[in-house]
Amino acid sequence: MPKRNLFGIAFITWMVFITVLSLVSFDDDTSLDLEIPYFDKIVHFTFYFIAAVLGGLFLLSSKQKVKANKQLFLKFLFGLIGYGIIIEVFQGSFTTYRSAELLDILANSVGAIIGILLIRVVYRKGAVAN
């Protein structure tokens, strides 16, 4: 299976994973009662960081058809940030067990930005093989 397909499947699977975890309620009975400050924000950051890396790798692996340039990565980044905003709005509008938070949107956005920047830096240094 070509890398392009692998990265595409991984990205889509990850986005479905984020969506499900963001909109589905889970029993609190299974919680470990750990009190880690800002753990929720760390999770949001990590989810969107991984999404940006997987999406960025997909864009790089498909550059035969679409030139992997700055404008393409910016469009992808804004799409990912927009998706994070939409998920937060859905949490606030369509669920009773979750709420929309501006700090979650910020954590999502920072994770996506750093993920894209990482991919761009690695790509420029030639560390990502075609």
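The values are calculated or read from the model by the stated rules, or taken from the named source; none is laboratory data. Note that the structure is predicted; figures quoted are calculated from it, not measured. Don't worry about glycine lacking a Cβ; one is built from the backbone with ideal geometry, like all the others, and counts go over all protein chains shown.
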Looking across segment 23-50 at residues that are of a type in the set (D, E, K, R) and either within 25 Å of VAL122 (Cα to Cα) or part of a helix (DSSP H, G or I) (or both), the single one that is modelled with the highest pLDDT is LYS41
The lone condition VAL53 fails out of (1) surrounded by 10 or more Cβ atoms within 10 Å (Cβ to Cβ); (2) modelled with pLDDT under 90; (3) β-branched (Val, Ile, Thr) is (2)
The number of residues in segment 70-94 that are surrounded by fewer than 17 Cβ atoms within 10 Å (Cβ to Cβ), modelled with pLDDT of 85 or more and over 16 Å from the mean Cα position of the chain (by Cα) is 7
Flagged in segment 56-69 as farther than 13 Å from TRP14 by Cβ and either among the hydroxyl-bearing types (Ser, Thr, Tyr) or modelled with pLDDT of 90 or more (or both), in numbering order, are SER61, SER62
Counting only residues that are part of a loop (DSSP other than H, G, I, E, B) and not β-branched (Val, Ile, Thr), segment 94-108 contains a total of 5
